[in-house]
Amino acid sequence: MSRRARARLGPGDAPPSIADTAAAAAGKPPARRRKGARDLAARALVLGLLGRVRNGAVIVNDGGRRHLCGRPVAGEPVPEVVVTSNRVWRAVASEGSAGLGRAWFSGWWTCASLDDLTMFLRVIVRNLDAIEHASALGGRLRAPVRRMLTRPDDRTGNTEVDRRNARAHYDLGNEFFALFLDESMTYSSAIFPSPSASLHEAQVEKLERVCRKLSLSAEHHVLEIGTGWGSFAIHAASRYGCKVTTTTVSERQHELASDRVKAAGLEDLVTVLRQDYRDVTGTYDRVVSIEMVEALDWRQYDRYFATCSERLAPDGLMALQAIVIADQVYERAKRTEDFVKRYVFPGSSIPSVAAIADSLARATDMRLVSLEDIGHHYAETLRRWRRSFAEHEPEMGALGIDETSRRLFEFYLCYCEAAFCERRIGDVQCVLAKPGWRAAGLSRPTA
């Protein structure tokens, strides 16, 4: 569903889900086209761009014809992708990564395993700059996307649209996410204290670091923007005795988080709101936001950080965990619709560290006092999620997850894992301080 169509939905209309979007994209009949020359041109273009690969290699099996693209790296497997429909060429040529993902969940190309899919995507991500800039053709491919993204109806911070976008992802169902997340139901990067640590141990470590960086105590009242399924609120209240007010716009997350707080006996300490963060009032000693800012359009960053700053006490601290993209490609990426923006998180935008710092300077009086890069931990987190997702594939049919939606989500996990492995994107934990905050002695916000 297009953004224009989403904007026409009334308050009572159901938001488009990932399953709806995938079904519409996969089931859409191919437009009328001139066969032959245009298909051959698209194929030649895509194979030509793959020919720009230099660091690593992939094999494209097209009807039994195997094309080696790139230069194999010693000790690194060479993944093979198999084309099952010629529609893949035009999808990729006209839509880039969005077309590549659509072709995958439509079944137009495949790999022997998700390990191979991830390796294929790693090689593509690793060589992405060379592929994009090697020829004028790459620029021409991106031009239609740029025109589409600069339409007059581009998003400027519509609250109801933001709510629909969030629900489209998280209201897939708590049972669905429980298939591949750890028992804490934490849907953000873990931090592995050791390679042998379980995913659950790593998620607890991540939550602990956030709490330690904020020097949490029973005296504090914490506002969490983006509840998830309640893991941070429950962890902070049960281990540190602080009060937590946490808010989400997802009905399904609100229901389960509330149930989990009640089951933990923390109703006196934790309040779960179903409310947009912009509508929350009051003053808090600490603010926490774990991988929520990426769900916002880049034009909303100033409003988001200003709201966080307004909610903080004059001597307060904020912990921000955010997926980030390199400063050098941020301006281009924010105006490009990739696979994730189109099919997984509509309306999202990944900031860069510089974009965060600039927004803080423009819109708030907060200062960045600590930053830790945890991107390599996210690659491992996604690998664990992906393998758990595959293990529970037989159970998805009973939850109403069809083949197309399953393939869409597995591509999403592999796509993100590849991007983190190749450091195309990263993840940071930041501490932001109001002017009145002072470190106690020599202590600083630490891991």
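Nothing in this text is a laboratory measurement; each read-out follows from the coordinates by a stated rule. Not measured: the values here are computed from a predicted model. Note: ideal-geometry Cβ built from the backbone for every residue, glycine included; neighbour counts use all protein chains shown.
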Extension gain from ALA44 to ALA361, taking 0.36 nm per residue of separation minus the Cα-Cα distance: 109.4 nm
Modelled FRET efficiency - R0 60 Å, ARG65 with SER194, Cβ distances, 0.05 increments: 0.85
Peptides 72-81, 88-97, 258-267 ordered by average Cβ neighbours within 10 Å, highest first: 88-97, 258-267, 72-81
Dmax and Rg, reported as Rg then Dmax, of the stretch 159-433 (C-alpha, Å): 17.6, 52
Packing-based order for 100-110, 55-65, 425-435, 392-402, using average beta carbon neighbours within 10 Å, highest first: 100-110, 425-435, 55-65, 392-402
Set LYS206/LYS243; LYS213/LYS434; LYS213/LYS334 screened for pairs whose C-alpha atoms are more than 23 Å apart: LYS213/LYS334
Convex hull per residue volume in Å³, alpha carbons only, for the stretch 227-364: 112
Given charges at beta-carbon only (K, R positive; D, E negative), |dipole| of the stretch 159-433 in Debye: 420
Packing-based ranking, highest mean first, of 294-306, 345-357 given that Cβ atoms within 10 Å are counted: 345-357, 294-306
Stokes-Einstein D (µm²/s) once Rh is taken as the Kirkwood radius of the stretch 199-258 over alpha-carbon pairs, at 20 °C in 1.002 mPa s: 181
